[in-house]
Structure formats: structure tokens, C-alpha cells
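Here the structure is laid out as C-alpha cells; the discussion comes afterwards.
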Amino acid sequence: MPRPPTNPAATRGPIQVELDWDALEVAVERNANDTESFLELTTGKVVTIAAGEVEAAARRQQITSNLRDYLRVEPASSREQYRWMEKFVGSVSDETLRDRLIMSIDGKGAFRRFKDVLLGYPAERERWFSYRADLLHWHIHNWLLAHEIESTVPAPWGEVSPPPELPIVPGKPVVHGAEAPGEALRRQARELIDGIPAIDLPSALAFLEFLKQRGADAMGRHRAEDDDASTADTSDPRRAAS
């Protein structure tokens, strides 16, 4: 599909429109390879195209036929949102929770594991949602500013400003370039396996296979829960994609 202009303001000048703020927030925080969102510059509505949906082809045709009236919404990248988690973990004063969060963000599935750990800590979970919302709103603010788009209705979250830096407490996460916590444990596991007598290795391998399968089963359940949540609860976009 041909791309809408990357900066419509360059050809049309500044744009004033009644933005659908809630839909825009969801589009900015959603970062999925099979989903794209576009801001309709004449109405302020957000058109989302998800691969496999019945209406996907019609929506693509709608945008292709009126390229100058649409702007692709650039979501906060996965790398950027991962950095948000790292900064938050570095501000957690509870050593036990911080250690669990450090482990949770190591490897594939980090975002889901991070959320699961916070479920047992309501106060820190709410602090995370608040911090993440501030970062998302600042991202939206800068994106609109860059494209010279101004809403005729105020954002429901009010005026935004650069989010303050979180305090760093002792025991902050491993810095980039150092050995990640998960890799350290894998190295220790390999060292332990090297010291197990050959006769006991079948039992050790069977237990490792059990742990691997349990992790795969848990990931499948989480995906199913995400699918249910995406269709059943859109009242709080902060939580829907967290």
C-alpha cells in the first residue's frame, strides 16, 4: 500500500482537527508487526488496519484513495518502551521486587513477564502505569508537534511536560554491555550440568524439558488472555496494552 505523506504539514500547512485522543493513545502504545494505524487528518479519527481482519482490505483502499488525508501513526518503538521498563526497575526500592523485575525483562516475552510480576505489588503497578502514561503522552505531544497538528479539543490528560527522571536506587539493573541476569543464570546452570554424573543426566534433562514446556504453556495462556482483553476491555488504554 502506498504510504501517506510523512509530513502533510509541509504541503498543507498546520492542521487543526478534533482529535480522538483515546484512539490515538492506543495506536501510539500498540507496537505490533501485523497492525498499522493512521490518523485521518480531516476528522481526527484513527483508522486501524490489522492483518486478517475482514475490513482490512476496505480500510486500505480507503487510505490509498485519499493519501493526503492520512498520516501513519508512529508508535513508541519496542526498544523505547523496553528502556522505560529498565528505568522504572532502577527506581524500585524493594530489593526482592527489583530482582524479580530484572529477571522478568531478560529475554523474549519481557513485557508480559514484567506485567505479571507487578500484579502482586499493586502500589508499584499503579506507579508504573502512571509513569508509562506520562511517557506515552509526552511521545504523542512531540509527534503532533513535529507534524504541526493541533487539536480543537484538549487532551483528557491535560497539559503535558517532559516526564521527570526517576530516582536511581542502589542495585539498579545491569547496564548494557554487561552480562544480563538471565545469561548469568544460564551460565551457572551449564556449570552445574557439567558437574552432574552422566547417570543422573536423564533426570536432569527431563526436569529441564518440564520447565521448558511449562513456560511454553504459560506463554500460550497469556496470548489467549491478551486476545480476550483486547476485545472485552478497552475502557483503560493504559492497561489494555501493558
Considering the range 111-151 alone, what residues qualify as being farther than 27 Å from Arg72 by Cα, in a helix (DSSP H, G or I) and of a type in the set (A, V, I, L, M)? Val117, Leu118, Ala123
Considering only residues of the range 148-158 that are under 23 Å from the mean Cα position of the chain (by Cα) and not aliphatic (A, V, I, L, M), which is surrounded by the most Cβ atoms within 10 Å (Cβ to Cβ)? Trp157
Close pairs from the range 153-179: first farther than 20 Å from Tyr82 by Cβ and modelled with pLDDT of 90 or more, partner among the hydrophobic types (A, V, I, L, M, F, W, C) and in a loop (DSSP other than H, G, I, E, B), Cβ under 9 Å, at least 6 apart: Val153/Leu19; Ala155/Leu19
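Test Glu18 against the criterion of being under 20 Å from Leu145 (Cβ atoms), out of contact with any Leu (no Cβ under 6 Å at 6 or more places or on another chain), of a type outside the set (A, V, I, L, M, F, W, C) and exposed (fewer than 15 other Cβ atoms within 10 Å of the Cβ), and give yes or no.
Spelling it out, Glu18 is indeed under 20 Å from Leu145 (Cβ atoms), out of contact with any Leu (no Cβ under 6 Å at 6 or more places or on another chain), of a type outside the set (A, V, I, L, M, F, W, C) and exposed (fewer than 15 other Cβ atoms within 10 Å of the Cβ).
Hey, can you tell me all the residues within the range 87-97 that are surrounded by fewer than 20 Cβ atoms within 10 Å (Cβ to Cβ) and out of contact with any Leu (no Cβ under 6 Å at 6 or more places or on another chain)?
Within the range 87-97, the first condition is being surrounded by fewer than 20 Cβ atoms within 10 Å (Cβ to Cβ), and the residues that meet it are 87, 90-91, 93-97.
Within the range 87-97, Gly90, Ser93, Asp94, Glu95, Thr96, Leu97 meet the criteria.
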Checked the range 33-69 for anything free of Cβ contacts under 8 Å to residues at least 12 places away in the same chain and either exposed (fewer than 15 other Cβ atoms within 10 Å of the Cβ) or out of contact with any strand residue (DSSP E or B) (no Cβ under 6 Å at 6 or more places or on another chain) (or both); matches are Asn33, Glu53, Val54, Glu55, Ala57, Ala58, Gln61, Ser65, Asn66
Which members of the range 66-92 meet the condition of being charged (D, E, K, R), at pLDDT 90 or above and within 12 Å of the chain's Cα centre (by Cα)? Glu80, Arg83
Which one of these does Glu95 not meet: (1) more than 27 Å from Trp143 (Cα to Cα); (2) in the same structural domain as Arg127 (by TED's automatic domain parsing); (3) under 24 Å from the mean Cα position of the chain (by Cα)? (3)
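The values are calculated or read from the model by the stated rules, or taken from the named source; none is laboratory data. Everything numeric in this text was worked out from a predicted model, so none of it was measured. All Cβ positions, even for glycine, are placed from backbone atoms using ideal geometry, and neighbour counts span all protein chains on display.
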